[in-house]
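Below is one structure, written out as structure tokens; comments come after it.
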Amino acid sequence: MLLWAMAATAADPVLLVFGDSLSAGYGIAAKSAWPTLLEAELKRQGKPYRVVNASVSGETTAGGVTRFPQALKLHRPRLVILELGANDGLRGLPVKDAKSNLANMVKTAQKAGAKVHLVGMQMPPNYGPDYTAAFAAMYPAIAGEYKIGLTPFLLAPVITKPTLFQPDQLHPTAEAQPMLMQMIARDLKPLL
């Protein structure tokens, strides 16, 4: 029975989470991060995906576009959750470059036969209205162009609750992770 269960798990389709520290679970136990919680939630819903979290703290879209083809080859996902761009924005990198990198990853995933769900971010207002508006608009523009799923802002459920952030006020706490996961799970439904 145990061998059969292991084989069934290995045969489950892969959902690849490819992001930065917000998906890697920076500052909290890996088992508490929203991608781990998502696997349990999908199984509860009768959708037995095996979630592989290939997120790396500090990752930019430029680093991601370099790593992405190997991750696709290694894990052969049926579905990719792409959550990158926050570090580009915090460094003030050009939005057009981040947009190009994200679009490249979307096209690469689609060419490999994977569905894509894009998870967006927003920049704080001190980056200026033009930059913050262009940055926020980047995600829906890509989702619309490539006809992929979209969660417009990963931190939407917690952004107004400072107690749900770690002392750096950038990374959500373990207590915040179920809220992020529930939003992602809701937005993923059309792709599953």
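Against the numbered list (1) more than 20 Å from V14 (Cα to Cα); (2) under 15 Å from the mean Cα position of the chain (by Cα); (3) buried (at least 20 other Cβ atoms within 10 Å of the Cβ); (4) not basic (K, R), L82 comes up short only at (1).
Restricting attention to the range 110-160, the residues that are out of contact with any helix residue (DSSP H, G or I) (no Cβ under 8 Å at 6 or more places or on another chain), of a type in the set (A, V, I, L, M) and closer than 24 Å to A71 by Cα total 1. Selection of the range 85-100 for residues being free of Cβ contacts under 8 Å to residues at least 40 places away in the same chain and either under 25 Å from D187 (Cα atoms) or buried (at least 23 other Cβ atoms within 10 Å of the Cβ) (or both) yields D88, S100. Checking each residue in the range 171-189 for being aliphatic (A, V, I, L, M) and without any contact (Cβ under 8 Å) to a residue 60 or more places away in the chain picks out A176, M179, M183. Somewhere in the range 23-37, is a residue more than 22 Å from P190 (Cα to Cα), of a type outside the set (S, T, N, Q), touching a residue at least 12 places away in the same chain (Cβ under 8 Å) and in contact with a Ser or Thr (Cβ under 6 Å, 6 or more places away or on another chain)? Yes, that holds for at least one residue. Go over the candidates A156, A185 one by one and state the one that is buried (at least 18 other Cβ atoms within 10 Å of the Cβ) and either at pLDDT 95 or above or in contact with a Lys or Arg (Cβ under 7 Å, 6 or more places away or on another chain) (or both). Exactly one residue qualifies, and that residue is A185. Filter the range 115-143 down to the residues that are surrounded by 22 or more Cβ atoms within 10 Å (Cβ to Cβ) and assigned to a loop (DSSP other than H, G, I, E, B) and list them by number. Within the range 115-143, G120, M121 qualify.
If I ask for residues that are under 30 Å from P129 (Cβ atoms), touching a strand residue (DSSP E or B) at 6+ places or on another chain (Cβ under 7 Å) and not in a loop (DSSP other than H, G, I, E, B), which ones from the range 68-101 would you list? Reasoning before the result, please.
Taking the range 68-101 first, the residues under 30 Å from P129 (Cβ atoms) are 81-101.
Next cut, touching a strand residue (DSSP E or B) at 6+ places or on another chain (Cβ under 7 Å) only: 81-84.
Hits for the range 68-101 are I81, L82, E83.
T132 meets the stated requirement of being among the hydroxyl-bearing types (S, T, Y) and either free of Cβ contacts under 8 Å to residues at least 12 places away in the same chain or over 23 Å from A24 (Cβ atoms) (or both). Looking across the range 27-44, just one residue is exposed (fewer than 12 other Cβ atoms within 10 Å of the Cβ) and not in a helix (DSSP H, G or I), and that is A29.
Take L72 and decide whether it is touching a Gly at 6+ places or on another chain (Cβ under 9 Å), surrounded by 14 or more Cβ atoms within 10 Å (Cβ to Cβ) and at pLDDT 95 or above.
The answer is no for L72.
Applying the set (1) among the β-branched types (V, I, T); (2) part of a helix (DSSP H, G or I); (3) under 21 Å from A71 (Cβ atoms) to T163 leaves exactly one unmet item: (3). Take A62 and decide whether it is crowded, with 18+ Cβ neighbours inside 10 Å, part of a helix (DSSP H, G or I) and out of contact with any Phe, Trp or Tyr (no Cβ under 7 Å at 6 or more places or on another chain). No.
The values are calculated or read from the model by the stated rules, or taken from the named source; none is laboratory data. Since this is a predicted model, take the numbers as computed values, not measurements. Neighbour counts are summed over all protein chains in view; Cβ atoms, including those assigned to glycine, are modelled from backbone coordinates with ideal geometry.
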